[in-house]
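Coordinate-derived values only; no laboratory data. Not measured: the values here are computed from a predicted model. Quick reminder, even Gly has a Cβ in these numbers, built from the backbone with ideal geometry, and neighbours come from all protein chains shown.
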């Protein structure tokens, strides 16, 4: 098997957990097709490790990790390397074996085992003594080492753990066969100065063989995830765990794009480099944002819409004289050149495919053919098609389509006037039937959503609603994202259309379909609407 990681003090390894920790962000839910798209782009970006999911958590997650291991984990990159595909695991035998079964088809695979080491976690969550935790580490890491060569051990909530015990836990992991030791700041509690000292003390205390890689996984609860990660690099850590756009639990994780460009721009400070192709950062960010439904703030560093925008007159003058006056990096360095090829009805399939790949999507020949036909159809209603139009169309019409849809929009009509707005909705059902209903509301979208709730057997709560134009032209597509909740299940919905009302309605239906898919995967019940609820 190919060597897990080629060690070197001048190299920072990027462990991307967008598909595992990133997907745990509130409302996150990606289908297999969407996860494969992101995994392919992460591989093209050059990440060293793709944590594809938590196989034992659900059959759906197991299937996603297996699919990524089977496809992305076997495909060599231009430099001949393949990414390591990792699966997360608790310390139980069932988890470890599930992780192995999910990642085993990848050319390079890793089992990532974790257990908490802080007093508060051991007492209140695990109900274990320190001796119990050490026993769990020894058992699970040894078991994993018998299955794979590459085993990572994480001491969950390490930053709130007692230093002597963390060191003992890591020593136990190394003795049992761990090849990577991860130091998580699980709740984003640490500050850079103390975290640097903490990591340095662990490295000095464990005294692991030179082949063992130290890693960090920092959360952003205090806005310090990137700073803490970079402080750890100064302490000697050589793997950083991060996500695209900083996605993740609560306030998120360390942002991959910020880590990458900080290391690249300040090599004088960190003395190391990553293996990332940073010119693909912008496309990767946009891809993850669109598929996850989590919008990138305009002032987001590196990939935000305003990252290279200058409004103040003195700034504009300086940039015109010399970009280095106010830009420490070139937009082209992150793939944000600002150039845009506008395609139209006379554009050919070759140019269309090339543009898809530039935007970060890798489609099969059949998917390209379907997308090209949709593109031509869109050209009949719009004069020029922008990159955003194409990306939105692919995300909505190609990647979000599943065979599990219970409902599809067949007809929607809205009547507005001096009084309440009236919406009439007809839905096609998966069993071949149709359902229709009507409702009034405060505007066309509110009325349409009320009509859908009347027609279906659920009454999902709308948690978030966002609609935006894909370009600054009047014929732009309207792209809608929603987040719905029914009982304990939340699900995102997304749709695009030149008709903003249709876009909003389709997004709601998309969310309803996903509620059912998630509920089935988790074996939980959605909250059904009482019979005769509206009668």
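Here are the numbers:
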| read-out | value |
| --- | --- |
| log₁₀ of I(q)/I(0) at q = 0.08, 0.09, 0.12 Å⁻¹ - the chain, Debye sum with one point per alpha carbon | -0.56, -0.70, -1.16 |
| Acute angle (nearest 10 degrees) that the helix 225-235 long axis makes with the longest principal axis of the chain, alpha-carbon atoms | 20 degrees |
| Relative exposure of 51, 332, judged by other C-beta atoms within 10 Å (fewest first) | 332, 51 |
| Calculated P(r) of the range 407-522 - Cα pairs past 18 Å, % | 50 percent |
| Reduced Cα scattering model of the range 349-399, Debye log10 I(q)/I(0), q = 0.18, 0.23, 0.31, 0.32 Å⁻¹ | -0.48, -0.81, -1.55, -1.63 |
| Packing-based exposure ordering (other Cβ within 10 Å, fewest first) of 450, 20, 522 | 522, 450, 20 |
| Length released on extending from residue 76 to residue 207, taking residue separation times 0.36 nm less the Cα-Cα span | 43.7 nm |
| The range 151-178 and the range 425-494: distance between their alpha carbon centers, rounded to Å | 47 Å |
| Folded to 0 to 90 degrees: helix 281-292 orientation relative to the chain principal axis, Cα | 60 degrees |
| Intensity falloff of the range 13-292 expressed as log10 I(q)/I(0), Debye formula with alpha-carbon point scatterers, at q = 0.07, 0.08, 0.09 Å⁻¹ | -0.22, -0.28, -0.36 |
| Among 147-156, 123-132, 420-429, the order from most to least packed when residues are scored by Cβ within 10 Å on average | 147-156, 420-429, 123-132 |
| Acute angle (nearest 10 degrees) that the helix 365-379 long axis makes with the longest principal axis of the chain, alpha-carbon atoms | 40 degrees |
| DSSP beta bridge pairing in the range 13-292, given as percent antiparallel to the nearest 5 | 5 percent |
